[in-house]
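The structure appears below as structure tokens.
The values are calculated or read from the model by the stated rules, or taken from the named source; none is laboratory data. This is a predicted model, so every value here is computed, not measured. Virtual Cβ from ideal backbone geometry, glycine too; neighbours counted across all protein chains shown.
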Amino acid sequence: MHVIGLTGAGKSFFLELMMRQFLVAKKGFCLIDPLGYLYESMVNVVAHRPEFADRVIFFNPSKPTDYIAGYNPFQYDKSQGSLIAKRNTIAELLLQVFKTDPAIAQRLELVMRRAIHPLIEAGLTACELSYFFHDDAKIRNLILSRCSSAEVLDSWARIDQLPARMREEKLGSFENRVSKLTELEMIRATLGQTANTFSIPEVVEENKILLVNLSESEWLSGSDANVIGTMLVNDMHQYALRRSKEDAENNPFYLVMDEFHNFLTAKAENILDQCRQKGVHMILAHQRLNQLVSEHLNPKNAILEAVKSCARTKVIFSLYPDDADVFARYFAPELPEKEVKNEIYRTTVLNYSIEREIVHGRSRGESEGLARSSGSAGGSGSASGSGFTSGNTHNVSHGFDQDGNSLGHSSGFSYSNAQSFSEMNNAYESWSDSEGYSSGSIDMESEQEVMMLIPELGQELASQEFWSLDDQLKRMGSRLVGLPNQFAYIKYGSKKSALVKIKTIFPVEYDEEKILKVYELSARANPELYLPFKQRLLQWESNLIKLEQLDAPEKQKQQILPGGEASGDIIDLPDEDLI
């Protein structure tokens, strides 16, 4: 799990909430805290829940107390596999913690291997490394007298044959780095113990809780804290590789690290992937992505790429803008393919509705006419006659249409009068005169049901503009920057993300008496776990006394000399390859 967010965004609440849940659920976990706040919070929690004290191991090299646990990453037994593999791993880790220049790292790693190997065989500690670079070779030769590797013995014999000036040029910078491991008494009291007082396999398999405080102080430098944290992570990883599939599935263990980049190396991808497969799940918290890039690693972005590819669960609190742009891309599959940015509408007829209405009508009209005509004619003949005609008409009509929706009325009057006379002898003459007159009127009313189409107006989409993917990613990035405190996006693999608010955790009241009591309960449950600070220092000093009292077997003394008989093949390398 990868947890990232600004200071004060809610990461500590989230981590503490998980650890409280692990505690109550009797799940095993280890907290490595380089700041100390989470460590102190969890100590207070356990102090108020003393029933959990027998499961808790307090490892606090940040200050001297009466409860100092010893930790020796050089301790070896055959269950760990190859001694050579162990020494090579430790050498590589130390050089990365020391931020060694890659240009000389390979040469220094070879020297480191040749120094670590005899210390592991002799059952000694990292605090004795400096004796391999002193001008006085007495203690170094005592350590080498217990070494069975001909390769290692021959290498140091060749180094001894180098002129002092050349030896100083080759080893001087390395001596400066190693000597810092024993400058502070707290390192001697913790890393200087020949035996681990707590067992990583026991912590993992028995669901214990290992709380580690690596906060920088006058007793513990940041570099020393990084050495301890890196070694602990390595031991967790090495033990995880030995777990059975059944243990991995049935008994998960959780390693919680704040500012985790201080404790991972260039092989982070292997560590994360292999630990996950073996049921040791890492919860990695920090603030910014650029913390995961180091010029002293090869490649320099090894940790960053490991976290991107292996930590599938992301818990994302409020971020810096640069980091938000990176994490926004994790949400790209969730963004809509077409999200409208702008729309333009126009008014148009969307539909028609039919309405029925009764229409009333009325019409009225009148007409009148007069016509007259006359004529005459003459001829020969004899005839006579006369005639007269007259007449008039008058009519009125009323009616409805067949649907009964119209009403009409009309009336009219006309008459005509005509006279004619003719007389003919041998000659004739005729004339005529006529006159006509007519008048009329009409009055009509109507009622009719009419259907009308009424237009329905509305807005019609005329054009659309969509957000581009880049625009959507920028908007998502802005949301990540602006997240309120205690809000986080949780994303697991390809599943849809969820925005959640982390529950507020109220600090447990500090009670020094209860804290001392819970330390006592932990010590009772683990009798060999703790010693007071002063006694731990005395134990480290006793390591040197034992070395000085050693009487090396004659055979092993001969191994120190060039060409001496030894088990294994002596690799004949040039001096520059040896150092």
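Going by what's in this entry, would VAL24 be described as under 26 Å from ALA240 (Cβ atoms) and without any contact (Cβ under 8 Å) to a residue 12 or more places away in the chain?
Yes, satisfied.
Could you run through segment 1-24 and say how many residues are closer than 14 Å to ASP323 by Cα and either assigned to a helix (DSSP H, G or I) or small (Gly, Ala, Ser) (or both)?
Result for segment 1-24: 1.
Is segment 276-297 home to any residue that is at pLDDT below 90 and crowded, with 18+ Cβ neighbours inside 10 Å?
yes
Go through segment 59-105 and give me each residue that's of a type in the set (Gly, Ala, Ser) and assigned to a helix (DSSP H, G or I). It would help to see each step written out before you state the result.
Filtering segment 59-105 down to residues of a type in the set (Gly, Ala, Ser) leaves 62, 69-70, 79, 81-82, 85, 91, 103, 105.
Of everything in segment 59-105, those that are of a type in the set (Gly, Ala, Ser) and assigned to a helix (DSSP H, G or I) turn out to be SER79, ALA85, ALA91, ALA103, ALA105.
Only one of these is of a type in the set (Gly, Ala, Ser), within 16 Å of ASN526 (Cβ to Cβ) and crowded, with 17+ Cβ neighbours inside 10 Å: ALA91, ALA47, ALA53. Name it.
After ruling out the rest, the residue left standing is ALA53.
SER390 is checked against (1) at pLDDT 80 or above; (2) in a strand (DSSP E or B) and fails just one. What number does that condition carry?
The failed condition is (1).
Of all residues in segment 438-487 being part of a loop (DSSP other than H, G, I, E, B) and in contact with a Lys or Arg (Cβ under 7 Å, 6 or more places away or on another chain), which is surrounded by the fewest Cβ atoms within 10 Å (Cβ to Cβ)?
That would be TRP467.
Given the conditions (1) within 28 Å of the chain's Cα centre (by Cα); (2) at positive phi, which single one is not true for ASN207?
The failed condition is (1).
Go through segment 337-350 and give me each residue that's of a type outside the set (S, T, N, Q) and either under 11 Å from LEU473 (Cβ atoms) or touching a residue at least 40 places away in the same chain (Cβ under 8 Å) (or both).
Once the filter is applied, which keeps residues that are of a type outside the set (S, T, N, Q) and either under 11 Å from LEU473 (Cβ atoms) or touching a residue at least 40 places away in the same chain (Cβ under 8 Å) (or both), segment 337-350 yields LYS338, GLU339, VAL340, LYS341, GLU343, ILE344, TYR345, ARG346, VAL349, LEU350.
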